[in-house]
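Everything on this sheet refers to the single structure shown next.
The values are calculated or read from the model by the stated rules, or taken from the named source; none is laboratory data. All of these numbers come straight from a predicted model, not from anything done at the bench. Counting neighbours? That spans all protein chains shown, and the Cβs are built from the backbone with ideal geometry, glycine included. These area figures cover heavy atoms from the full protein model, side chains too; ligands, DNA and RNA do not enter into them. Shrake-Rupley method; radii C 1.70, N 1.55, O 1.52, S 1.80 Å.
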Amino acid sequence: MHSTTDAVIIGGGINAMVAAAELSGAGWSVTLIERNQELGGFIASGERTLPGYVHDTYSSWHPLFLAGPAYASLGADLHRHGLEYRNTDGYVTASVDDDGNVAIAHRDPERTAAGFEHAADRAFYLASLDRFVDNVDRVGSLLGTELHSWSAVRQGLGLLRSVGRRSGESWARDVLTSGRSWCRNGFAGTEVDQLWTPWLLHAGLSPDHASGGFMLPVLAATVHGFGLPVVAGGAGNFVAAFRGLLEERGVQIVTGLEVDSVQVARKRAVGVSAGPHRWEARRAVLASVAPRTLYHDLLRGTDMVSATTRLDAQRYRAGRGEMQIHVALSSPLAWKDQRLSETPLIHISDGSRSTGIACAEAEAGLLPRQPTVVVGQQYLLDPSRVPPGAASLWLQLQEVPYSPAGDASGKIDTSAGWTPDTAAAYAERVLDRIEQHAPDLRAKVLAVDIVTPVDLERYNPNAIYGDPYGGSAELDQNFLWRPLPSAGSHRTQVQSLWHIGAATHPGPGLGGGSGHLVAQELTTSRNPFRLSRSKR
């Protein structure tokens, strides 16, 4: 197998698909190579439990995609190829603690704040949302550019002029503040902490990591503004729409082959190889891979990578592992608090207290005693995913170790790692947590499917040590320093080679941000390899 196109893209996740679609839309010929048999990365769905039950295998919710520039660029074409979303205008997310106390958010922030006990909390919450919304274009532009660039400097200065010095210092302070501290500083009551601190898990953070104070209002404003859209018929239809668009634009899609090296000649990337197969790139190679894979495997034969960067790549840290549990139910759960029966996404947590402890236990290598359980009820938005009258649960556990060294409760044997028995025992603990609030759960369970952190990494090597967010998003490995202190931009030390994916700025999530950013950079007039419309 041998071909030559303008660009070759390694990987088939959301950033790779976005880059391929935008480059081909600008007239580039593109080859996209994915090691698995299907595109999508951690976007997939299927009947994982019983016939008629469609589960989103990994990721599910798409507010970041709808809010981002990739959707603005590609959304209309994706809908033309069959993409449909289902969403809610009512309750959107909630948290319930062990005592049954519920903090709940409505799509309408005013209705959400009305449920807070203290008037000052209501005012501060709405003001925090308004501050972000009033500056969302400038903040989005800053996060959507190379941070090691004059453009970022201009964007930052523009934001500072817009908000003023005092407000600018407040933004900077929030970036350095944990979510737990931000809630303590701003609120007398516990509602915001209980409701939104568990959402930091979806950004690869914990309640005690710096930048949580910045992320909390961002996450809240995004969910209020865009809801929790899911793909009609399952997340696999999102990938199908992308494939249809890529094929329409002439992208050569190769699946089932793993790239083993980037070819370098005259100090620039000129193609890739997979065993005896070779694909040449006239203008660019984009690699949606983990830093260690890029700098130690794909570039192992070149002397263009500095020793410092290779060492940084070796030291790149994974975050916590993740576990997915899919449950087929005979009928919807009878939650003790009826509002939860109308809420698509629920966290079982009391906020930073229990979630902070569970994160600490997982990071110490232990199975948490009281895990934060993310309970997805996608069927509320899309009834086509289950048989008539039935229901399903999408359970996400974002506080588990890749190699468990023990059980914080001392009840589960972890000596052999993630065996089927270990995974089943931990799943029972998770179901016990839910049953406290939905006593009819066990009577309605028809089938259970479990995906362990080891399964995640096996399916997608970018999930190093079972971390689906492509590496820890702590402050020292984020923003200016993502992915590496010595390689903090998408342009690598090898000319024409670009690094994209969750391990790169702007980080993890289903926004397609890095794929869009690099595609735009490559197709602007400033890029020396931008040519007239090429021959396909």
Accessible surface, the range 424-470, averaged per residue in Å² (probe 1.4 Å) = 38
Using a 1.4 angstrom probe on the protein heavy atoms only, line up VAL270, VAL223 by accessible area, largest first.
-> VAL270, VAL223
Rounded to whole Hz, the Karplus (6.51, -1.76, 1.60) HN-Hα couplings of the range 91-103, x for glycine and proline | 4, 10, 8, 7, 10, 10, 9, 5, 8, x, 6, 10, 10
Relative contact order (%) - the range 1-159, alpha-carbon pairs under 8 angstrom, separation at least six = 10
Considering only DSSP beta bridges with both partners in the chain, what is the antiparallel share in %, to the nearest 5?
-> 60
Taking R0 as 30 Å and r as the Cβ-Cβ distance between ALA232 and HIS118, the FRET efficiency 1/(1 + (r/R0)^6), rounded to the nearest 0.05, comes to 0.15
Pair ARG161, SER306: separation of 7 Å Cα→Cβ label points (nm) | 3.3
For the chain, what is the calculated [θ] at 222 nm in deg cm²/dmol (nearest 500), taking -39500 (n - 2.57) for each run of four or more DSSP H residues and dividing by its residue count?
-> -10000 deg cm²/dmol
Value of D in µm² per second that Stokes-Einstein yields for the range 357-446, Kirkwood Rh from Cα pairs, at 37 °C (0.692 mPa s) | 229
Estimated distance in nm for a label pair at ALA76 and ALA443, the labels positioned 7 Å out from Cα along Cα-to-Cβ | 5.3
In µm²/s, what is D for the chain at 10 °C and 1.306 mPa s, where D = kT/(6 pi eta Rh) by Stokes-Einstein and Rh is the Kirkwood radius from Cα pairs?
-> 67
If one compares the long axis through the Cα atoms of helix 352-363 with the longest principal axis of the Cα atoms of the chain, the angle in degrees, nearest 10, works out at 50
Distance between Cα centroids, the range 236-306 to the range 39-117: provide it in whole Å.
-> 31
Suppose every K and R has +1 on its Cβ and every D and E has -1 on its Cβ; what is the size of the dipole of the range 68-209 about the Cα centre, in Debye to the nearest 20?
-> 680
Nearest-ten-degree value, helix 513-522 long axis tilted from longest Cα axis of the chain = 20
Amide H proximity to ALA502 below 5 Å, modelled H, separation 5+ or other chain, gives none
Any chance you could look up the accessible area of ASP407 with a 1.4 Å probe, heavy atoms only, rounded to 10 Å²?
-> 20
Note, the range 270-282: 3J(HN,Hα) by Karplus (6.51, -1.76, 1.60, θ = phi - 60°), whole Hz, Gly/Pro = x, goes 10, x, 9, 9, 9, x, x, 8, 9, 10, 8, 10, 6
Simple spin-label estimate for ASP98 and ALA416 in nanometres, 7 Å along Cα-Cβ | 3.1
How large is the dipole of the range 364-424 about the Cα centre if only Lys and Arg carry +1 and Asp and Glu carry -1, each at its Cβ, rounded to the nearest 20 debye?
-> 120
Rg(Cα) of the range 286-359 divided by 2.2 N^0.38 Å?
-> 1.94
FRET efficiency for SER409 and ALA364 from the Cβ-Cβ distance with R0 = 22 Å, rounded to 0.05, comes out at 0.95
Per DSSP, loop GluC sites (Glu not before Pro) in the range 157-263 with at most 13 further Cβ within 10 Å = GLU258
Over the range 10-68, what is the relative contact order in whole percent, taking alpha-carbon pairs under 8 Å and six or more residues apart?
-> 28
Leaving ligands, DNA and RNA out of it, rank SER354, SER306 by accessible area with a 1.4 Å probe, largest first.
-> SER306, SER354
If you place +1 on the Cβ of every Lys and Arg and -1 on the Cβ of every Asp and Glu, how big does the dipole about the Cα centre of the chain come out, in debye to the nearest 20?
-> 2180
Quote to one decimal, in nm, the extra length available between GLU47 and ALA424 on full extension: 0.36 nm per residue of separation minus the C-alpha distance between them.
-> 133.8 nm
In square angstrom, rounded to the nearest 10, how much accessible surface does CYS359 have for a 1.4 Å probe?
-> 0
Considering only protein heavy atoms, what is the solvent-accessible area of GLU521 at a probe of 1.4 Å, reported in Å² to the nearest 10?
-> 50
Degrees between helix 212-226 axis and first principal axis of the chain (Cα, 0 to 90, nearest 10) = 90
How far, in nm, would the chain grow between ASP476 and ASN185 when pulled straight, counting 0.36 nm per residue and subtracting the alpha carbon separation?
-> 102.4 nm
Descending semi-axes in whole angstrom, ellipsoid equivalent of the range 206-351, from the Cα gyration tensor | 41, 24, 15
Set Lys and Arg Cβ to +1 and Asp and Glu Cβ to -1, take the dipole of the range 108-159 about its Cα centre, and tell me which of PRO109, LEU143, ALA119 lies farthest positive.
-> LEU143
